[in-house]
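Accompanying notes for the structure given below.
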Amino acid sequence: MSEAEGASATCATFLEMLKTLPWCKQGDDVLVAVHKITPEVIEVIKDLGANVYPGGIHVKLNKSFLTDLQNKFDDGQPLPAVLVWKTQNVEIWYRRQSPNDFPYDTWTNPAGAPSEKECVLISAETLGSDSMKAHLELVSKAKECPAMIPPQ
């Protein structure tokens, strides 16, 4: 299998996982789901960088962090994440420090919650042509997000 075929298979697996999540909708085309960082997520983000907020500084995801994500999953304590699926990309938000209550602590008490979090972007182009169709289908079925979830 070529590298392109491997990337395509990884994205297809990730896309299938996305289709199973309990999405809610914000506006006309933004989907939001709280999920865990699973092997499908780790595989699709492993060669990407993350933006650290506040500030938006771009950092590389090092192998030790990716191994730690896998170990946490294997130990039954995967890192929580918020997935935001927009027309142009999927955003995967997580927090390395005090991750266990994320994102609920930031939604219920934004001023008191630790502010540093990271976001990995996966473009719709990377996910392939099936992602647009899946996104539209899920948007048409999703219910509005609860008011506690801030606009994404």
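Among the strands (runs of 3 or more DSSP E) lying completely within region 49-89, list those that include at least 1 residues that are open to solvent by less than 30 Å² (accessible area, probe 1.4 Å). Spell out the reasoning first.
Details: elements: 49-53, 57-60, 80-85.
Here the list reads 49-53, 80-85.
Look at Asp101 and say whether it is assigned to a loop (DSSP other than H, G, I, E, B), under 26 Å from Ser131 (Cα atoms) and among the charged types (D, E, K, R). Explain how you work it out, then say what you get.
Working: assigned to a loop (DSSP other than H, G, I, E, B): yes; under 26 Å from Ser131 (Cα atoms): no; among the charged types (D, E, K, R): yes.
The answer is no for Asp101.
I'd like to know if region 8-17 contains one or more residues that are free of Cβ contacts under 8 Å to residues at least 24 places away in the same chain and closer than 12 Å to Val120 by Cβ.
no
Are there any pairs, at least 6 apart or on different chains, whose C-beta atoms fall under 8 Å, with the first in region 110-128 and modelled with pLDDT of 90 or more and the second in a loop (DSSP other than H, G, I, E, B) and among the hydroxyl-bearing types (Ser, Thr, Tyr), and if so, which?
As it stands, the answer is Ala124/Thr87, since those pairs meet every condition given.
How about region 26-39: which of its residues are over 10 Å from the mean Cα position of the chain (by Cα) and buried (at least 18 other Cβ atoms within 10 Å of the Cβ)?
The answer is Val30, Leu31.
Can you pull out the residues in region 37-54 that are touching a Leu at 6+ places or on another chain (Cβ under 7 Å) and either at pLDDT 95 or above or of a type in the set (A, V, I, L, M, F, W, C) (or both)? Steps first, please.
Looking only at region 37-54, we keep the residues that are touching a Leu at 6+ places or on another chain (Cβ under 7 Å), and these are 37, 42, 45-46, 48-50.
Across region 37-54, the qualifying residues are Ile37, Ile42, Ile45, Leu48, Ala50.
Could you check, for region 99-109, whether at least one of its residues is touching a residue at least 12 places away in the same chain (Cβ under 8 Å), open to solvent by 70 Å² or more (accessible area, probe 1.4 Å), among the aromatic types (Phe, Trp, Tyr) and in contact with a strand residue (DSSP E or B) (Cβ under 6 Å, 6 or more places away or on another chain)?
Looking through region 99-109, none of the residues is touching a residue at least 12 places away in the same chain (Cβ under 8 Å), open to solvent by 70 Å² or more (accessible area, probe 1.4 Å), among the aromatic types (Phe, Trp, Tyr) and in contact with a strand residue (DSSP E or B) (Cβ under 6 Å, 6 or more places away or on another chain).
The values are calculated or read from the model by the stated rules, or taken from the named source; none is laboratory data. Remember, predicted model here, so these are calculated numbers, not experimental data. Positions of Cβ are backbone-derived with ideal geometry, glycine not excepted, and every protein chain shown enters the neighbour counts. Accessible surface is based on the protein model in full, side chains and every heavy atom, while ligands, DNA and RNA are left aside. Shrake-Rupley method; radii C 1.70, N 1.55, O 1.52, S 1.80 Å.
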